[in-house]
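Peer 1: Can you read through this structure? Questions will come right after.
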Amino acid sequence: MRDTPAAENWRQQIGRDARHRNWEKPVTQDINVLALVKGEERYIFLYDDEHKSEALRTLGRFASNPELSFSWYDAAVLSQRIRQTAMEQRTEAEAEAAAATAPVPRHNRFKLPLAE
């Protein structure tokens, strides 16, 4: 499978950027993975929670590129998935915070007969 000229340019740009980054830092946060398979083409987007807006802009740039088969419909579906994932993560974090602040139930240490 051969890359399109746009994909080849993208790979060259990533290679140049990679030489300027420190790739030996340990990963300290989760990475979100979003993938789309269209026939022989595969679009894979990696982003962290802090760069969600950049991922959304990238979807728009890909959709506006006539050299790619990536459509505005694809961008809309994937952007909806990014927003859904963010909302689910926010809900989970709120539930964990609520559970952490909830009072600890007191259990009776001794079973005593009830007085009638």
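We did not get these values from a lab; they are worked out from the coordinates using the rules stated. This one's a predicted model, so the numbers in the text were calculated from it and none came from an experiment. For neighbour counting, all protein chains shown are included, and Cβ atoms are generated from backbone atoms with ideal geometry for every residue, glycine included.
Peer 1: Take Asp48, Asp74 and order them by how many other Cβ atoms sit within 10 Å, fewest up front.
Peer 2: Asp48, Asp74
Peer 1: In what order do Lys111, Lys52, Lys38 fall by count of nearby beta-carbon atoms within 10 Å, going from fewest to most?
Peer 2: By the 10 Å Cβ count, ascending: Lys111, Lys38, Lys52.
Peer 1: In what sequence do Tyr43, Tyr73 fall when counting other Cβ within 10 Å, fewest first?
Peer 2: Ranking Tyr43, Tyr73 by Cβ neighbours within 10 Å, fewest first, gives Tyr73, Tyr43.
Peer 1: Apply 1/(1 + (r/R0)^6) to the Cβ-Cβ distance of Ala95 and Ser69, taking R0 = 41 Å, and write down the FRET efficiency to the nearest 0.05.
Peer 2: 0.55
Peer 1: Using 0.36 nm per residue, how much length does the chain from Ala76 to Arg42 gain when fully extended, once their Cα-Cα distance is taken away?
Peer 2: Between Ala76 and Arg42, full extension yields 10.6 nm more.
Peer 1: For the pair Ser53/Asp30, report the inter-label distance in nm, with labels modelled 7 Å from Cα in the Cβ direction.
Peer 2: 2.2 nm
Peer 1: Per residue of the stretch 83-95, in order, report the coupling 6.51 cos²θ - 1.76 cosθ + 1.60 (Karplus, θ = phi - 60°) as ³J(HN,Hα) in whole Hz, putting x for Gly and Pro.
Peer 2: Result, rounded to whole Hz: 5, 4, 4, 4, 5, 5, 5, 5, 4, 4, 5, 5, 5.
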